[in-house]
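Undergrad: I am attaching a structure below and will ask some questions about it afterwards.
The values are calculated or read from the model by the stated rules, or taken from the named source; none is laboratory data. None of these values were measured; they are calculated from a predicted model. Cβ placement follows ideal geometry from the backbone for every residue including glycine, while neighbour counts extend to all protein chains displayed. The accessibility values were calculated without ligands, DNA or RNA, using every heavy atom of the protein model including side chains. Shrake-Rupley method; radii C 1.70, N 1.55, O 1.52, S 1.80 Å.
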Amino acid sequence: MGYTALYRKFRPQTFSEMVGQESITRTLKNQIKSNRVGHAYLFNGGRGTGKTTSAKVLARAINCLDPKEGEPCNECEICKAAISGALTDIVEMDAASNNSVEDIRSIREEVNFLPTKAKYRVYIIDEVHMLSQGAFNALLKTLEEPPEHVKFILATTEPQKLPATILSRCQRFDFKRISNEDIVKRLEIVCKESNIQATEQALIIIASLSEGAMRDALSILERCVQDGENSIDEDKVKELVGIPKTEYIHAIVEAITEYTIDKVMETINIVLDEGKDLNNLLWEIIKYIKDILMVKTGQKLSIYNEEDYSKLQQLSGNIEKERAIKLIYELSKLENDMRLSTQRQIIFQAGIIKLCNKEIETQVVTSNNNIESVNIGNNSDLYSRIEKIENYLRSANVVSKGQNTTQKKNVATKSEKPKMNVEAIQGIGKDKKPAQYWNDVVNNFKSNGKIMLYTNLLNTNAVEINDMTVGIEFPEGITSFSKTVLDRPENISEISNQISIACGKEMRIKYIDTKPQQNEMSEEQELLDFANGFDIPFDVLN
């Protein structure tokens, strides 16, 4: 006999073997005992929560020749045939691959025939939300008034996609996520029957990783013993699923709270050298800071052993609740920025360095969910350089393949406009020509920390085109990198505002390329040259 996966081998055969859905199984058993089984059911819930298992048990129970307290006996001819898949009166259909009108019409034709052996013909339609609109229409009449010998059990993870006409004709049962405690208890039974030696902490981690899905928990457990070793500890679980060790996560969060850039980058490099995924690393950092908040509220976290929990408690005493919330918010933004960029490692490193810098202007969420800017220090040169590179990578210049022009524009993040240094160009007369005040305008960008504007406008000239427009000439030509930066709406607005202040009236700008480039560098090379010019120790990855 071939190998059987654990989640199939240990699939519950009765309602009493199911865990975490007691209220549902109790109701179904009572309906069976009182002979009040409905003609159509809708089982809704997340993956691996027992929807299909319950449908199978229900189908056997209503056809069982010797039911016991609403449970199938699993010993009679009907039950054995159903378990082996030989009973043609119980039809399982995957709507993900059988979602056409023709598929449903075949069911409509079959329902008119009596069952061959069983009392009822039962149709279990999994992932029913995948049916086409035409298929739903074809199913509707049969679902509303089926023959006495037909029962329908629909299962879905997305009930909102079902037409209201279908929902109104079904008894709906919502399957909840299975608790970690229930998953651990079930895993202990599986380990005992499968001769697997697993530590309690390892099972707790598996339960946490499964996110309430028993099937996922059994799949993770199975992966842990596929190397031939039936011994499982927490380090083995983390290694197999790609989770960095807790000691590394603790060291990274501790370094962030202490503003120690060298320490945090050293630890991150160790984790990345071990082949861990950036998204997994970032998610574990976010969860760890979340757990710090939990500890500060006095909650006990069973996922940690005593030693790790002690470190967590110590760290929770060294960070204010408000800063922990800010860190979670900033790291969540960083996760989104990484998703939108092809240069994920640069974005990740820059974001972590920002969090380790005390002199930073950050954004926090206020109590009414509005975002306000909080200046907690003067921007350092390092932060200014990193922020400009990071903003460029978040803009339309570096995006995932397949994004169109409109999407690229939407990627650029909108930062709060800093106060212009009016004093730097104060006193410039209205009658002065652009060439006379242009150097002051360019230098004003540098004093305001707008390094990207400053570096891209160096060695340019300003000329008067008419009384409402100033032209900015690029004697050496304008590269695609510079054009992309300078064409951003916020940068055009900033340059126009500075020139308007200098002129004393509203002015527009126009870029003039006096020497078009013949052989332009790639955007990645321009970015790398820019980063190297400011001594930023990053690599541009393909």
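Undergrad: Among the candidates LEU331, LEU312, which residue alone is touching a residue at least 40 places away in the same chain (Cβ under 8 Å), within 20 Å of ILE353 (Cβ to Cβ) and either assigned to a helix (DSSP H, G or I) or of a type outside the set (Lys, Arg) (or both)?
TA: LEU331
Undergrad: Hey, can you tell me all the residues within the range 141-155 that are closer than 15 Å to ASN99 by Cβ and in contact with a Lys or Arg (Cβ under 8 Å, 6 or more places away or on another chain)?
TA: Within the range 141-155, ALA155 is the sole residue that qualifies.
Undergrad: Considering each residue of the range 20-36, count those that are surrounded by 17 or more Cβ atoms within 10 Å (Cβ to Cβ) and either over 28 Å from the mean Cα position of the chain (by Cα) or among the small types (Gly, Ala, Ser) (or both), and give that number.
TA: Residues in the range 20-36 being surrounded by 17 or more Cβ atoms within 10 Å (Cβ to Cβ) and either over 28 Å from the mean Cα position of the chain (by Cα) or among the small types (Gly, Ala, Ser) (or both): 7 in total.
Undergrad: Here's a follow-up. Can we say ILE492 is under 46 Å from the mean Cα position of the chain (by Cα), open to solvent by 40 Å² or more (accessible area, probe 1.4 Å) and of a type outside the set (Ser, Thr, Tyr)?
TA: It is true that ILE492 is under 46 Å from the mean Cα position of the chain (by Cα), open to solvent by 40 Å² or more (accessible area, probe 1.4 Å) and of a type outside the set (Ser, Thr, Tyr).
Undergrad: While we're looking at this one, here's another question. Suppose we filter the range 295-309 for residues that are under 21 Å from ILE205 (Cβ atoms), in a loop (DSSP other than H, G, I, E, B) and open to solvent by 50 Å² or more (accessible area, probe 1.4 Å); how many remain?
TA: 4
Undergrad: A follow-up question, please. Quick one: which residue in ARG215, ARG177, ARG223 is of a type in the set (Lys, Arg) and either open to solvent by less than 40 Å² (accessible area, probe 1.4 Å) or outside any helix (DSSP H, G or I) (or both)?
TA: Only one candidate passes the filter, namely ARG177.
Undergrad: Restrict the check to the range 92-104 and report whether at least one residue is of a type in the set (Val, Ile, Thr), in contact with a Lys or Arg (Cβ under 7 Å, 6 or more places away or on another chain), modelled with pLDDT under 95 and on the phi < 0 side of the Ramachandran plot.
TA: Looking for residues that are of a type in the set (Val, Ile, Thr), in contact with a Lys or Arg (Cβ under 7 Å, 6 or more places away or on another chain), modelled with pLDDT under 95 and on the phi < 0 side of the Ramachandran plot, one finds none in the range 92-104, hence no.
Undergrad: Another one. Checking the conditions here, which among GLU234, GLU254, GLU274 is surrounded by 15 or more Cβ atoms within 10 Å (Cβ to Cβ) and modelled with pLDDT under 90?
TA: Matching residue, one of GLU234, GLU254, GLU274: GLU234.
Undergrad: Let me ask another. Which residue out of LEU131, LEU187, LEU143 is closer than 14 Å to GLY38 by Cα, of a type outside the set (Ser, Thr, Tyr) and open to solvent by less than 60 Å² (accessible area, probe 1.4 Å)?
TA: Just one listed residue meets the conditions, LEU143.
Undergrad: Quick one: in the range 77-106, of everything that is of a type in the set (D, E, K, R) and touching a residue at least 12 places away in the same chain (Cβ under 8 Å), which residue is farthest from LYS141 (Cα to Cα)?
TA: GLU77
Undergrad: Restricted to the range 487-515, and to residues that are closer than 12 Å to VAL470 by Cβ and among the basic types (Lys, Arg), which residue is modelled with the lowest pLDDT?
TA: So, considering only residues that are closer than 12 Å to VAL470 by Cβ and among the basic types (Lys, Arg), the one modelled with the lowest pLDDT is LYS505.
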